[in-house]
Every structure is written in C-alpha cells, then in structure tokens.
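Note sheet for the following structure.
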Amino acid sequence: MVAFGWKGGIGSSSRLVPEVAATLGVLVLANFGSARDLRIDGVPVFPTIGDGLDPRPPAGSCIAIVATDAPLHPAQLERLARRAGLGLARAGCVGHHGSGEIFLAFSTAAAERDERPPTRIDRPLVPDRHLDPLFAATVEATEEAVLNALWAAVDTTGREGRVVRALPHDPVLALLRQHGRLL
C-alpha cells in the first residue's frame, strides 16, 4: 500500500459527537494519491520532503469504513459514508483516474429488547437536521485516519525488491513547526 508516494496501509481515528450522544470511528485502507498532493493540516509536504519519491503516476484505491453508535437509517448512513471523500480531500486526494474509492458506513445502534420477546424498544433515529456534527466528525476522522496510516508505516520492501519509504517524521514535524501548526 502506497499513499501519496509514501508507505500507506491501515489507519484509524475516532471522535466523540456529544451533540447526538454518539461515537464515530473511521478505518481507512490508504493506497492512493500523488506525492505532490499530500497536505498535513493544510501544509503541502512535497516541496520540502518529496525528493526521491517514486515518480510513477498515482494508482490504487482507498477504502473507508465509518462506524457509529448513532441510530441512523440507511439513507443517513449513505450520506455519512459520502463524507469520507471530503476527509480524503483534506489530506490531498483528488480522486485520480483509475482510483476506486469505496466508502461504507454502518451503525451499531441495535434495538433494545424487552424481557418479553418479541417486543422491541427502538432508539429514536437522529433527525436529519442534527446530522452535521456526524458529518464533521466523519471528515475529520477520515483525514486523521489517513495521516495515522502514513505516520505508523515503516519502510517496506515488496515484490521484486521494490522499497517504499515511510513518511519521515522529523522533517514533517519541522515543517509543521515552521508553519505554526506545532509549538
């Protein structure tokens, strides 16, 4: 897995969403993007630390799975899943030709069961007008999950001896300090 020219892979992130008393998590398989497009907290990375990256055109795909315990119906979950693409865009993904992003969302909110079957006590669904905090959490957590995949990766030697380098931490931290993103 290669993301933005660096070693990619699996990343995750989560958010508490107190406005709807829910938790939301995102699991990402980061295997996409062009090195020139990577942004960390809005800061372009390539001009500073991109020398020597694989010059091949971007290829690959991304899979993002959004999980929440908010009680949502299928159409709301579809809308939530679509927000994962916005999180990828914040990290720098432009959805290159040939890239096949897959976004899924599900809710773990189950109907509570009364002691006397088959009675069910359903949690009320989140009204559409209250979805914005879940949408924002999806975008933020997806972006962070991609960056977590990059940050956790290590140099890897693959098929035919191909080496994919991990994102170098010290130059990235220096770059973020230079742009006022870190103290």
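Structural remarks
- Conditions (1) without any contact (Cβ under 8 Å) to a residue 40 or more places away in the chain; (2) aliphatic (A, V, I, L, M); (3) in contact with a Phe, Trp or Tyr (Cβ under 7 Å, 6 or more places away or on another chain): number failed by Val163: (3)
- Of all residues making up region 154-183, the number that are among the aliphatic types (A, V, I, L, M) and either within 24 Å of Leu104 (Cα to Cα) or part of a helix (DSSP H, G or I) (or both): 5
- Every condition in (1) surrounded by fewer than 19 Cβ atoms within 10 Å (Cβ to Cβ); (2) within 22 Å of Pro168 (Cβ to Cβ) is met by Thr23 except one, and the failing one is (2).
- Meets criteria (under 16 Å from the mean Cα position of the chain (by Cα), over 16 Å from Ala141 (Cα atoms), surrounded by 17 or more Cβ atoms within 10 Å (Cβ to Cβ) and not hydrophobic (A, V, I, L, M, F, W, C)) for Gly60: yes
- Tally of residues being buried (at least 19 other Cβ atoms within 10 Å of the Cβ), touching a strand residue (DSSP E or B) at 6+ places or on another chain (Cβ under 8 Å) and of a type in the set (A, V, I, L, M) across region 2-20: 3
- Long-range neighbours under 6 Å by Cβ, at least six apart or interchain, first residue closer than 12 Å to Phe106 by Cβ and of a type outside the set (Gly, Ala, Ser) within region 56-84, second part of a helix (DSSP H, G or I) and at pLDDT below 95: none
The values are calculated or read from the model by the stated rules, or taken from the named source; none is laboratory data. The shown structure was predicted, so the numbers you read here are calculated from the model rather than taken from an experiment. Cβ: placed from backbone, ideal geometry, glycine included. Neighbour counts: every protein chain shown.
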